[in-house]
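In what follows, a structure is listed as structure tokens, so that the remarks can point back to it.
The values are calculated or read from the model by the stated rules, or taken from the named source; none is laboratory data. Because the structure is a prediction, the values reported are computed rather than measured. All Cβ positions, even for glycine, are placed from backbone atoms using ideal geometry, and neighbour counts span all protein chains on display.
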């Protein structure tokens, strides 16, 4: 991680004498202490809102002085400014417009500049929250809806869509469900999923076959994901005292049984 460390040191020195900067923290994986050679560098800047635009412009100049920038963007409606350099160093600067340290904890940040000792006032760690019942209900119903749309794709001959988009959506929902089961306070990004899920849960994902561009392969993957998802979702519903959508599941099964190619076993 020498290049990331060099970049962090560069940014720390670049803003060290800038009195507009009240604080500059490492956040993300470097803030949590879980970074590796593939991690981006996430920075959190605390300053008066009137100085934000100028500081973001200066930040880009400081990055360019370290290495030429090949891409920069700001995601819609987010106070995050993202940059990629020519060696694919990825750096994000977060500049929240108000209450910049709200929801932040000491175990998720590392101070680079902290003129007012803001870090000391933060709670030591983020506590895990109970799984949101409404979220699991929405996830389960959305899973059944997307699974049921398999018959539409087959009927229209949209095998490519089923094999790519449909299977991706269902697998993504399975990942969300497994992450809910673990319920870490801060699971981080998707590209270090193996650090979030234990080996048994990773084995569940590893057991899902990648679909080929054939109807039978796509069907098999849809049903493999359903076999992994539905029992676990039902168990989570039971643990939270939630009513299972029996009628929706039954209707989905019935529709799929009636619309599968001859010889297909609807097994989930």
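Would you mind finding the one in 55, 45 that is modelled with pLDDT of 95 or more and closer than 14 Å to residue 91 by Cβ?
Result of the check over 55, 45: 45.
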### Query
Among the candidates 23, 53, which residue alone is in the same structural domain as residue 7 (by TED's automatic domain parsing), farther than 30 Å from residue 195 by Cβ and either loosely packed, with under 11 Cβ neighbours inside 10 Å or in contact with a helix residue (DSSP H, G or I) (Cβ under 9 Å, 6 or more places away or on another chain) (or both)?
53
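So which of 247, 228 is crowded, with 18+ Cβ neighbours inside 10 Å and part of a helix (DSSP H, G or I)?
Numbers: 247 fails: crowded, with 18+ Cβ neighbours inside 10 Å.
Going through 247, 228 in turn, the sole match is 228.
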### Query
Looking at 231, 245, which one is more than 30 Å from residue 124 (Cα to Cα) and touching a residue at least 40 places away in the same chain (Cβ under 8 Å)?
245
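Considering only the range 31-62, state which residues are more than 12 Å from residue 108 (Cβ to Cβ) and in contact with a strand residue (DSSP E or B) (Cβ under 7 Å, 6 or more places away or on another chain).
Selection gives 40, 41, 43, 45, 46, 55, 56, 59, 60.
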#### Entry: 1 or more residues under 30 Å from residue 35 (Cα atoms): qualifying helices (runs of 4 or more DSSP H) within the range 134-216
167-182, 193-196, 199-206
#### Entry: Test for residue 121: is it more than 13 Å from residue 27 (Cβ to Cβ), loosely packed, with under 13 Cβ neighbours inside 10 Å and under 20 Å from the mean Cα position of the chain (by Cα)
no
### Task
Kindly indicate whether residue 224 is in contact (Cβ under 8 Å) with a residue 12 or more places away in the chain and touching a helix residue (DSSP H, G or I) at 6+ places or on another chain (Cβ under 8 Å).
no
### Query
So residue 28 clears everything in (1) in contact with a strand residue (DSSP E or B) (Cβ under 6 Å, 6 or more places away or on another chain); (2) surrounded by fewer than 20 Cβ atoms within 10 Å (Cβ to Cβ); (3) modelled with pLDDT under 95 except one condition, right? Which one?
(2)
